[in-house]
Amino acid sequence: SFLPLCFRSPLVTRLILGLLLQAPLTQLSTITQPNFVLLLADDLGIGDVGCYGNDTIRTPNIDRLAKEGVKLTQHIAAAPLCTPSRAAFLTGRYPLRSGMDAINDYRVIFWNAGSGGLPPNETTFAKILQQQGYSTGLIGKWHQGVNCESRNDHCHHPLNHGFDYFYGMPFTLISDCQPTETPEMDRAFRRKLWLSTQMIGLITLTAVLGRLTGLISVQWKTLTCLAGFSLLFFVSWFSSYGFVRYWNCIMMRNHEITEQPMVTDRTTFLILRESISFIERNKHKPFLLFLSFLHSHTPLLTTEKFLGSSRHGLYGDNVEDMDWMVGQVLDAIDKEGLKDTTLVYFASDHGGWLERQEGKRQLGGWNGIYKGGKAMGGWEGGIRVPGIFRWPGVLPAGTVIDDPTSLMDIYPTVVHLAGGAVPQDRVIDGRDLLPLLRGAVAHSEHEFLFHYCGAHLHAVRWHQKDTGAVWKAHYVTPIFSPPGAGACYDRGFCPCFGEGVTHHEPPLLFELSQDPSEAKPLSSDTEPFFDALIRKIGRAIEEHRRTLTPVPEQLSVSNVVWEPWLQPCCGTFPFCWCDKEGDN
């Protein structure tokens with residue numbers, strides 16, 4: 001025998017035989033309809049998580065998911081802001097296809113009382129799973145609209161999009177929801193409205209004083225009209241922006257408003273309680289739980305035991321608080337004996353918000369080595385997010401996949417595993433990830449990914465599968481302010497078009513596989529195939545655009561403004577107030 005002596009020992013022989021006879025990964029044919037727990041963070045940067053390189057914020061539970069499952073290092077959001085990214089996640093389609101991306105500056109749902117939202121004719125993965133016999137629940141943030149034409153039509157509501165149960169915010173968490181915080185919503189526009197009101201008021205007062213002192217010859221009728229206009233202008237905007245906390249910061253259970261305004265001190269506890277309760281109620285049948293965290297969006301609601309726990313101020317505390325919530329949900333799955341029959345997924349809806357600061361306090365996330373952040377449609381920091389799957393016995397533990405994947409891939413992956421079929425009457429941009437996650441194929445199905453900022457195409461990624469290279473061409477980039485700062489601090493958000501962006505011809509080209517930080521743009525001098533690469537990507541854009549069809553703009557100005565007749569109200573409008581959780 002040529003075996004070394006050490007391999008002839010009975011102990012080693014038994015160990016080798018044990019490894020050879022070890023049960024392989026479970027065959028999918030033996031598993032029918034697994035449970036799904038989808039965990040989606042809000043505004044979490046890829047650099048905020050331990051398993052993605054952060055060694056100063058503690059995320060042991062998220063890290064445990066990665067250790068026990070598959071970690072994606074190039075997981076891409078379809079948009080760099082909440083509303084469009086989540087629309088793509090729910091439908092498996094670029095948000096442009098459903099009208100959920102904007103050509104204007106209003107790139108998200110702004111009011112519960114706006115008429116825009118995820119169109120009723122869009123088919124979410126929840127709707128397909130519901131048809132497959134799943135119990136489907138959404139706990140937490142929605143931000144896809146509520147009503148279309150009347151206060152109670154609920155055309156955009158989660159229950160109209162395939163969820164059997166909803167508890168959470170129909171809107172999104174904002175600093176206006178916390179009375180002690182500086183208002184956040186439309187802050188610059190609100191300042192302009194206040195300034196305009198003061199100027200109109202000053203003109204009116206000056207005219208009245210001039211008339212009383214005889215310095216100005218003007219009729220009282222004219223002054224009355226001017227005063228009436230001043231009052232009307234003030235009421236027209238203050239009736240909405242003056243009561244943001246009452247109009248937007250509400251909690252609902254199904255169609256019923258439970259808190260208006262929400263009591264933020266107990267929100268984290270209630271969301272966690274509802275999530276665990278949903279698992280317990282549905283443990284005997286297949287279920288889908290979409291836990292859409294309010295963490296880590298400002299005002300950073302953090303339970304008391306985590307305040308001061310991190311080395312990164314309130315933001316770090318908030319991330320550690322969310323990680324604890326993840327642990328509680330995983331413990332509930334284990335307690336009910338569901339670990340081996342449940343696919344758990346964790347991601348963020350887009351990159352961290354670099355510009356979110358109050359004084360010297362950094363209240364937004366960190367995107368690691370990647371340039372840019374939230375609201376930036378092209379740069380990696382705005383769209384590259386954590387992506388983790390765990391399914392013991394089915395997905396190989398401790399696996400890392402570097403190929404490009406998308407949040408839109410969840411749609412066909414979940415639908416396929418549930419025994420359903422994706423719609424055939426529309427384009428689905430997501431790809432079933434299961435073969436890649438299980439190691440059955442070497443590469444992601446994505447060849448090209450298109451990176452939009454609103455409805456404007458900013459960049460395109462090409463995965464060259466034969467070489468493994470990932471190229472990215474930027475056609476439009478935001479102008480950072482101040483120059484070289486890495487974000488748009490002077491604006492609060494980077495714009496998608498207009499004077500705040502630069503158009504590149506030829507486009508900026510990067511090889512992400514060699515330069516993930518997008519620090520060294522290539523040129524025809526440094527890359528011999530530069531022109532061929534740009535032509536290849538250009539042809540892909542033309543083909544992609546041929547698949548787009550005109551649809552109603554859900555985020556048009558007329559759809560995002562506050563419409564009082566659409567305002568969800570616990571009481572008789574405008575006297576909207578209740579606290580049914582407190583009553584209980």
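Per-residue extension of 0.36 nm, minus the Cα-Cα distance of ARG151 and ALA188, leaves a gain of 10.4 nm for this segment.
For the range 241-398, what does the alpha-carbon gyration tensor say about shape, rounded, prolate or oblate, given a ≥ b ≥ c as the root eigenvalues, a/c under 1.5 as rounded, and a/b over b/c as prolate? Oblate, since a/c reaches 1.5 and b/c is not below a/b. Restricting the chymotrypsin sites (Phe, Trp or Tyr not before Pro) of the range 483-554 to loop positions (DSSP other than H, G, I, E, B) with no more than 15 neighbouring Cβ atoms within 10 Å leaves TYR489, PHE529.
Over 29 Å between Cα atoms, which of LYS71/LYS127; LYS371/LYS536; LYS141/LYS339; LYS360/LYS472 qualify? Checking Cα-Cα distances, LYS360/LYS472 exceed 29 Å.
Figure legend: label point modelled 7 angstrom from the Cα of GLU280 along Cα→Cβ; residues of the range 139-179 with amide N under 19 Å from it are 139-140, 165-168. Relative to the longest principal axis of the Cα atoms of the chain, helix 82-91 runs at roughly 50 degrees. Can you give the FRET efficiency to the nearest 0.05 for THR32 and LEU232, using r as the Cβ-Cβ distance and R₀ = 45 Å? Efficiency, rounded to the nearest 0.05: 0.10. If one takes the longest principal axis of the Cα atoms in the chain, at what angle in degrees, from 0 to 90 and to the nearest 10, does the Cα axis of helix 220-241 lie? Once rounded, the angle reads 20 degrees. For LEU288, the residues whose amide H sits under 5 Å from its own are PHE36, SER135, THR136, GLY137, ignoring neighbours fewer than 5 places away on the same chain, with H placed 1.01 Å from N.
All other residues whose Cβ lies under 13 angstrom from that of LEU436 are scored, Lys and Arg at +1 and Asp and Glu at -1, for a net of -1.
Note on exposure: HIS255, HIS284 ranked by accessible area (1.4 Å probe, complete protein assembly) read HIS284, HIS255, with the most exposed listed first. For the chain, the longest principal axis of the C-alpha atoms and the axis of helix 530-546 are separated by about 70°.
The gain in end-to-end length when the ILE479 to ALA519 segment is fully stretched comes to 12.9 nm, 0.36 nm per residue minus the alpha carbon separation. Once both labels are positioned 7 Å from their Cα atoms along Cα-to-Cβ, the gap between GLU336 and LYS580 label points is 2.3 nm.
So what's the net charge close to SER348: Lys and Arg +1, Asp and Glu -1, counting the other residues with Cβ under 9 Å from its Cβ? Combined, the nearby Lys, Arg, Asp and Glu give -4.
Across the range 98-113, coupling constants 3J(HN,Hα) worked out from phi with the 6.51/-1.76/1.60 Karplus curve, θ = phi - 60°, read 9, x, 9, 10, 10, 8, 9, 7, 8, 9, 9, 5, 9, 9, 4, 9 Hz, and Gly and Pro carry x. In terms of its C-alpha gyration tensor, the chain has a prolate overall shape, because the principal axis ratio a/c (a ≥ b ≥ c, square roots of the eigenvalues) is not below 1.5 and a/b outweighs b/c. Relative to one another, the C-alpha centroids of the range 463-508 and the range 191-222 are positioned 47 Å apart.
The values are calculated or read from the model by the stated rules, or taken from the named source; none is laboratory data. All figures in this text were calculated on a predicted structure; none of them were measured in a lab. A quick note on method: Cβ atoms are made from the backbone with ideal geometry, for glycine too, and the neighbour counts reach across all protein chains shown. Calculation scope for accessible area: heavy atoms of the full protein, side chains included, ligands and nucleic acids excluded. Shrake-Rupley method; radii C 1.70, N 1.55, O 1.52, S 1.80 Å.
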